[in-house]
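Everything on this sheet refers to the single structure shown next.
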Amino acid sequence: MRAFEQRPYRFWRHLVTDHRTARRVFPPEALEHIQHAIAEGERRHAGQVCFAVEAALPLSLVLQHETPRARAVETFGRLRVWDTEHNSGVLVYVLLADKDVEIVADRGIHRKVGEAAWRDICRTMESAFREGRFEQGAVAGIEAVSALLARHFPRDAAGGNELSDRPVML
């Protein structure tokens, strides 16, 4: 389908997707499992992982053709994921209305891990989400991010937890 044919559908998806949708696909017990996966991963690596879910963009941003990637980069700054002592922040951003997952990492981490690895994790999560397996897809994605961080940035000393492990519902 051409991009101009998708626009009305995108507008509609963002109009009807709301916080209830996000709470339905990520109920409290799913959020607890995601939080646990983040905490377990951070025991093995020096990174700081943040998982954020946004049900839909404000309609003004949809009309401005805001991309999920641009929104993820903005969210990375808004949630202060960049503001860690060792520049070790990684944001896993889910935009439900677009069925899109984006990973934004601090430059040092991104340089070592590379775009292809992040993209593979995003596609795996999106595939699980299309099948309705939101909790499993999110946990698998967090575990994959943690495995990459453990390989490239293993924990060498006890460090503080600079970002909350609790998933953020925007």
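Here's the yes/no breakdown for (1) touching a Gly at 6+ places or on another chain (Cβ under 9 Å); (2) part of a strand (DSSP E or B); (3) among the hydrophobic types (A, V, I, L, M, F, W, C); (4) closer than 13 Å to V101 by Cα:
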{"residue": "A52", "(1), (2), (3), (4)": "no, yes, yes, yes"}
{"residue": "R69", "(1), (2), (3), (4)": "no, no, no, yes"}
{"residue": "V73", "(1), (2), (3), (4)": "no, no, yes, yes"}
{"residue": "H86", "(1), (2), (3), (4)": "yes, no, no, no"}
Would you say E74 is in contact with an Asp or Glu (Cβ under 9 Å, 6 or more places away or on another chain), modelled with pLDDT of 95 or more, more than 19 Å from F129 (Cα to Cα) and not hydrophobic (A, V, I, L, M, F, W, C)? yes
Which pairs do you get when a residue that is farther than 17 Å from V25 by Cβ and free of Cβ contacts under 8 Å to residues at least 40 places away in the same chain, found in segment 119-146, comes within reach of a residue that is of a type outside the set (A, V, I, L, M, F, W, C) and in a loop (DSSP other than H, G, I, E, B), reach meaning Cβ atoms under 9 angstrom, with the pair 6+ apart or on two chains? none
Which of (1) part of a helix (DSSP H, G or I); (2) touching a helix residue (DSSP H, G or I) at 6+ places or on another chain (Cβ under 6 Å) does I109 not meet, given it meets every other one? (2)
State which residue is farthest from the chain's Cα centre (by Cα) when the search covers only segment 99-110 and only residues that are over 16 Å from L148 (Cα atoms) and surrounded by fewer than 20 Cβ atoms within 10 Å (Cβ to Cβ). K99
For the list (1) under 29 Å from R151 (Cα atoms); (2) at pLDDT 95 or above, I need the number of the one condition that P28 fails. (1)
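Taking only segment 112-146 into account, find how many residues are of a type outside the set (V, I, T), part of a helix (DSSP H, G or I) and within 22 Å of D83 (Cα to Cα). Break it down stepwise before answering.
Pass one, segment 112-146, residues of a type outside the set (V, I, T): 112, 114-120, 122-123, 125-138, 140-141, 143-144, 146.
Still in the list and also part of a helix (DSSP H, G or I): 112, 115-120, 122-123, 125-130, 134-138, 140-141, 143-144, 146.
Narrowing the set further to residues that are within 22 Å of D83 (Cα to Cα) leaves 112, 115, 118, 146.
Residues meeting the conditions: 4.
Conditions (1) of a type outside the set (A, V, I, L, M, F, W, C); (2) closer than 13 Å to I34 by Cβ; (3) modelled with pLDDT under 95, marked per residue:
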| site | (1), (2), (3) |
| --- | --- |
| R107 | yes, no, yes |
| G114 | yes, no, yes |
| S127 | yes, no, no |
| Q136 | yes, yes, no |
| E143 | yes, yes, no |
| S146 | yes, yes, no |
| R155 | yes, no, yes |
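Select, from L57, L61, the only residue that is surrounded by 17 or more Cβ atoms within 10 Å (Cβ to Cβ) and either under 21 Å from R133 (Cβ atoms) or hydrophobic (A, V, I, L, M, F, W, C) (or both).
Values: L61 fails: surrounded by 17 or more Cβ atoms within 10 Å (Cβ to Cβ).
Only one candidate passes the filter, namely L57.
The values are calculated or read from the model by the stated rules, or taken from the named source; none is laboratory data. In this text, all values refer to a predicted model and were calculated from it rather than measured experimentally. Using ideal geometry, Cβ is built from the backbone for each residue, glycine included, and neighbour counts are taken over all protein chains shown.
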